[in-house]
Amino acid sequence: MSRLTQITDQEASPAAAELFGAIKAKVGAAPNLYRVLANQPAALKGLLNLNENLDEGEFDAATRDAIALAVAGANGCDYCASAHTAISRSLKVDSAEIEARLIGKSSDAKLQAILTFALAVVKKRGFVSDDDLSLARDAGLDDAQIVETVANVVANIFTNYINHVAHTDIDFPVVLTKVA
């Protein structure tokens, strides 16, 4: 059971109700993560705006979702692992690749470089080494892709942490991470 209120449509402030409307128009429902964030509509709006802006970056939805899976796996966020597994399935990513992405692996070399760098950012709390940057660059990532990777990591750490604090009720088919 969630430790923070998951705001219902009836309880939503006008600002939260407006954001719920936008979310529902885009994805059909307001997942519980967003219902927790609606306790502070500015936080919900901030996350939505960050994600909308990242949608305009170079990375496609599958790449952004792969980063989300790797970050969820590294941080032990079962909510995000569950949500992004469902999203990956909707993007036609096969089950073996989804499982690999949850531990920061991919059969695609470029995506592997992105996930390796993303996990270095997570595990080192942003204090990546010159070697981490060299590995990313040697694998073909340019500075824009490095920045975009960090931005996606940060967006996903935010959701992982709010779910850890709230114990958000998982409203997707449950996927458990290996990290506790």
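Residues in the range 1-47 that are among the hydrophobic types (A, V, I, L, M, F, W, C), in a loop (DSSP other than H, G, I, E, B) and either at pLDDT below 95 or surrounded by 15 or more Cβ atoms within 10 Å (Cβ to Cβ) (or both): MET1, LEU4, ILE7, ALA12, ALA30, ALA38. Got at least one residue in the range 50-59 being at pLDDT 95 or above, more than 12 Å from the chain's Cα centre (by Cα) and within 19 Å of LEU119 (Cα to Cα)? Within the range 50-59, one or more residues are at pLDDT 95 or above, more than 12 Å from the chain's Cα centre (by Cα) and within 19 Å of LEU119 (Cα to Cα).
What's the total number of residues in the range 103-138 that are loosely packed, with under 15 Cβ neighbours inside 10 Å and either in contact with a Cys (Cβ under 8 Å, 6 or more places away or on another chain) or of a type outside the set (D, E, K, R) (or both)? The number of residues fulfilling the criteria is 6.
Among all residue pairs at least 6 apart or on different chains, which show Cβ distances below 7 Å where the first residue, located in the range 1-28, is among the hydroxyl-bearing types (Ser, Thr, Tyr) and the second is surrounded by 11 or more Cβ atoms within 10 Å (Cβ to Cβ) and not in a helix (DSSP H, G or I)? From the range 1-28, the pairs are SER2/HIS167; SER2/THR168; SER2/ASP169; THR5/ASN39. One residue stands out in the range 147-156 among those that are surrounded by 20 or more Cβ atoms within 10 Å (Cβ to Cβ) and of a type in the set (Val, Ile, Thr): the one that is nearest to ALA83 (Cα to Cα), namely VAL153.
The values are calculated or read from the model by the stated rules, or taken from the named source; none is laboratory data. As the structure is a prediction and not an experimental result, all values here were calculated from the model. All Cβ positions, glycine included, derive from the backbone under ideal geometry; neighbour counts span all protein chains shown.
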